[in-house]
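Below: one structure, written as structure tokens.
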Amino acid sequence: MLSPDERREIDAELANYEFREAAGIEALKVVQRHRGWVTDEALADLEPVLGLSAAELDAVATFYDKIYRKPVGRHVIFVCSSISCWVMGYENVRDYLLDRLGILLGQTTADNRFTVLPTACLGACDLAPVMLVDDDLHCNLTPPEVDAILARYE
Amino acid sequence: METPLTKNIRPGELPLDLAGYEKAGGYQGLRKALALSPTEVQEAVKQANLRGRGGAGFPTGVKWSVVPMGDGAPRPKYLIANVDEMEPGTFKDRYLVEGNPHQLLEGMIIAAYAIQAEISYVFLRWAYKLAYQRLEKAIGEAYAAGYLGQNILGSGFHLRMHLHTSAGRYICGEESALLNSLEGKRATPRSRPPFPQVSGLWGKPTIVNNTETLCNVPHILANGAEWYKGLSKTNDGGTKLYGVSGKVKRPGLWELPMGTTIREIFEDHAGGMREGLTCRGLIPGGASTDFLLPDQFDVQMDFDTVQKAGSRLGTGTIVVLDDQTCPVGFVLNLQQFFALESCGWCTPCREGLPWVAKLLSALEQGSGSEGDIAILKEQTSGLWLGKTFCALAPGAMEPLQSALKFFGDDFTRHVREQRCPWRS
Ligand SMILES: Cc1cc2nc3c(=O)[nH]c(=O)nc-3n(C[C@H](O)[C@H](O)[C@H](O)COP(=O)(O)O)c2cc1C
Ligand code: SF4
Ligand code: FES
């Protein structure tokens with residue numbers, strides 16, 4: 001069942017569109033914000049609000065890479081893997097980061113603290129290499145910098 | 001030299017709030033626009049020769065003039081700001097919205113007035129978190145001051161504005177896929193015709209414009225078409241945000257007259273290559289543009305001249321290839337991006353791009369053959385315009401075809417030596 005907070009936030013989104021199906025992506029983001037990821041139960045909870053079946057919602061959810069249909073850690077790290085970051089040697093920074101966390105790209109640490117995912121260009125190419133941790137953009141990355149950044153997220 | 005788009009942006013500081021923006025001359029363009037008829041506003045933008053900054057360079061005023069007008073026009077009409085900016089190597093729209101959100105809003109309100117739209121959306125990229133906060137605040141201020149909502153500044157014109165954030169995927173920036181995404185669907189492109197100007201969001205007339213395009217509009221209205229054309233060194237009006245990334249001395253972004261040469265951008269502003277490195281080429285306008293070579297640096301960066309030189313102005317943000325970086329690896333990175341971001345709607349792109357990426361990966365790792373290079377060449381025509389449903393795949397082929405042409409020896413060296421010569 002949707003929580004009162006989820007319901008309120010989804011209602012606010014519904015007001016922005018002529019048709020309620022259009023709020024589907026925003027609704028998926030609302031439940032993801034509250035539950036960490038989009039569970040099968042969440043899809044079922046959204047059916048009556050949006051007038052879409054869980055299967056239809058899943059078709060939308062699986063198209064977009066920022067909607068998670070699998071659990072993620074408390075913090076999600078997006079490492080930019082696009083061209084300017086590649087030229088500036090992002091691969092070293094990425095490998096160092098994964099090594100420190102003891103995981104592979106796409107995985108979550110055993111303590112559930114971090115998930116590391118690749119992402120396309122973050123629009124900060126002049127400050128490459130860059131990564132996004134939750135809502136924070138970190139630029140001009142070096143291995144020592146990565147250590148300092150990780151320490152800031154519990 | 002005038003820099004209308006960026007003169008009120010102070011990097012590292014908060015953007016101007018509404019009062020500050022008004023004090024700096026903000027919303028004067030809107031006041032002038034509201035004193036004109038909608039078609040007069042369209043005409044002013046046509047006269048200024050503003051060409052779309054989203055990559056294709058379509059004349060903005062002409063685009064607007066296709067929208068059905070008058071009492072018989074379908075309603076509601078929509079105006080959408082494309083702030084999806086996902087073209088690798090591009091970082092100009094983020095700078096504009098973070099640095100001066102009201103400038104975008106003013107451009108949107110004027111554009112909406114010109115086509116008589118009553119609903120507008122900012123389609124914002126998910127990753128632009130700071131931009132979200134700043135736009136949300138600016139939209140609230142604009143409503144409170146009567147620049148949005150009912151009867152704007154007593155003109156009888158009404159406009160609502162909503163902020164929508166994406167959920168990822170490069171294809172959302174393609175305007176017809178963006179419309180499907182806004183409708184809550186998978187972001188696959190639509191066939192054209194009908195064009196969005198006539199049948200767009202929910203089948204209603206819709207204009208989608210790039211962020212930088214819309215940010216130019218208030219200045220055209222405030223200062224006139226002649227002034228605007230005078231900012232440029234060529235026929236395309238205005239200034240342009242140019243960027244450089246890669247191993248140059250000073251990567252960055254600069255607002256310069258439209259038609260500034262690559263040499264001036266690369267040498268005077270970006271400071272040329274870092275010590276010990278030589279430039280081998282560059283892509284002038286994002287991942288989906290053809291390479292240009294150092295002997296083409298006198299090319300003026302405007303739409304027609306870059307096209308004549310064999311590439312496209314695209315987004316105007318340059319990525320530089322240096323001699324210590326493997327050209328095959330460079331193109332491989334681009335193709336991996338495109339393969340991942342293919343929306344999967346049409347077969348040539350869905351199947352072809354991963355094939356291209358796989359062949360390049362094999363070449364780069366030293367297990368490729370001459371035959372692989374021949375297949376790559378075939379793909380550049382097999383995935384060309386007209387053979388795929390949208391421009392994503394042809395865009396992917398641009399840097400590949402020019403790399404095969406200009407850096408052919410580097411490709412064959414990978415085959416001959418069965419290794420990447422840039423890896424020790
Ligand atoms: C694959 C693809 C991705 C695109 N991404 C963007 C984008 O992120 N931002 C943008 O403004 N235009 C993008 N475009 C261009 C848009 O389709 C459209 O032409 C543009 O937003 C129109 O604005 P303009 O006329 O102001 O240039 C993209 C086009 C394609 C084919
Ligand atoms: S060319 Fe690629 S991105 Fe465009 S419609 Fe076809 S599959 Fe989708
Ligand atoms: S390529 Fe990494 S931020 Fe643009």
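Tabulated values for the structure
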quantity	calculated
Other-chain or far-sequence residues with amide H under 5 Å of B:Leu321's (modelled H)	B:Arg280, B:Gly281, B:Leu282, B:Ile283
Alpha-carbon centroids, the range A:119-154 and the range B:67-116: separation in whole Å	30 Å
About the Cα centre, charge dipole magnitude for chain B (Lys/Arg +1, Asp/Glu -1 at Cβ), debye	640 debye
DSSP beta bridge pairing in the protein assembly as shown, given as percent antiparallel to the nearest 5	45 percent
Within the protein assembly as shown: Cβ-based charge dipole about Cα centre, in debye rounded to nearest 20 (Lys, Arg +1; Asp, Glu -1)	540 debye
Cβ charges +1 (Lys, Arg) and -1 (Asp, Glu), total dipole of chain A, debye	300 debye
Per-selection Rg to Rh, the range B:247-316 - Cα, Kirkwood hydrodynamic radius	0.93
Cα gyration tensor of the range A:4-63 - equivalent ellipsoid semi-axes, whole Å, descending	15, 14, 10
Residues in the range B:307-324 occluded by at least 20 Å² - accessible area, probe radius 1.4 Å, against chain by itself	B:Val319
Inter-chain Cβ neighbour average for residues B:35-45, partner chain, 10 Å	0
Buried accessible area, chains A and B (both chains, 1.4 Å probe, Å² to nearest 100)	3600 Å²
Chain A, relative contact order [Cα under 8 Å, separation at least 6], %	19 percent
Residue among B:Asn235, B:Thr6, B:Gly20 farthest towards the positive dipole end of the protein assembly as shown, charges placed on Cβ	B:Asn235
Rounded to the nearest 10 Å², the accessible area of B:Lys32 at probe 1.4 Å	110 Å²
B:Ser361 - accessible surface, heavy atoms, 1.4 Å probe, Å² rounded to 10	30 Å²
Ellipticity estimate at 222 nm from DSSP helix runs (n ≥ 4, -39,500 (n - 2.57)) divided over the protein assembly as shown, nearest 500	-12500 deg cm²/dmol
For the range B:336-384: span of alpha carbons on each principal axis (Å, largest first)	32, 19, 11
Relative contact order computed over the range B:18-230 (Cα-Cα under 8 Å; 6+ residues apart), in percent	32 percent
Charge dipole of chain B about the Cα centre (unit charges at C-beta), most positive-ward option of B:Ala222, B:Val415, B:Ala145	B:Ala145
The range B:1-32 versus the range B:360-386: alpha-carbon centroid distance in Å	48 Å
Normalised alpha carbon radius of gyration of the range B:12-125 [divisor 2.2 N^0.38 Å]	1.12
Accessible-area order (highest first, 1.4 angstrom probe) of the listed residues B:Leu16, B:Leu159	B:Leu16, B:Leu159
Label-point separation in nm, B:Ser361 to B:Lys23, each point 7 Å along Cα→Cβ	5.6 nm
Anisotropy class of the range B:18-230 from Cα gyration tensor, a/c 1.5 cut	rounded
Average beta carbon contacts from partner chains per residue of B:332-339, 10 Å cutoff	3
P(r) tail fraction, the range A:75-151 - alpha-carbon pairs more than 17 Å apart, %	35 percent
Phi to ³J(HN,Hα) by Karplus 6.51 cos²θ - 1.76 cosθ + 1.60 over the range B:85-102, Hz, x for Gly, Pro	4, 10, 5, x, x, 10, 8, 9, 6, 4, 4, 5, 6, 5, x, 7, x, 5
Calculated from backbone phi, Karplus (6.51, -1.76, 1.60) coupling profile of the range B:148-158 in Hz, x at Gly/Pro	10, x, 7, 6, 4, 6, x, 7, x, 8, 10
With all protein chains modelled, accessible area of B:His269 [1.4 Å, Å²]	50 Å²
Compactness of chain B - radius of gyration and Dmax, Cα, Å	22.0, 73
Whole-number accessible area per residue in Å² for the range B:327-417, which is evaluated in the context of all protein chains at 1.4 Å	41 Å²
Exercise: per-residue mean of other protein chain Cβ atoms within 10 Å, B:183-190	5
Portion, in percent, of the accessible area of the range B:239-322 that falls on carbon or sulfur, probe 1.4 Å	45 percent
Loop-located trypsin sites (Lys or Arg not before Pro) in the range A:58-154, at most 13 other Cβ atoms within 10 Å (DSSP)	A:Arg152
Which of B:Trp64, B:Trp422 is most accessible, then next, and so on - probe 1.4 Å	B:Trp422, B:Trp64
Isotropic mean projected area of the C-alpha convex hull, the protein assembly as shown (nm²)	25.8 nm²
Approximate spin-label separation A:Lys70-B:Ala144, in nm, with each point projected 7 Å along Cα-to-Cβ	4.5 nm
Under-5 Å amide H pairs with B:Glu118, H placed in peptide plane, nonlocal only	B:Lys77
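The values are calculated or read from the model by the stated rules, or taken from the named source; none is laboratory data. Values in this document were obtained by computation on a predicted structure and should not be read as measured data. Quick reminder, even Gly has a Cβ in these numbers, built from the backbone with ideal geometry, and neighbours come from all protein chains shown. Heavy atoms of the whole protein, side chains included, go into the accessibility calculation; ligands, DNA and RNA do not. Shrake-Rupley method; radii C 1.70, N 1.55, O 1.52, S 1.80 Å.
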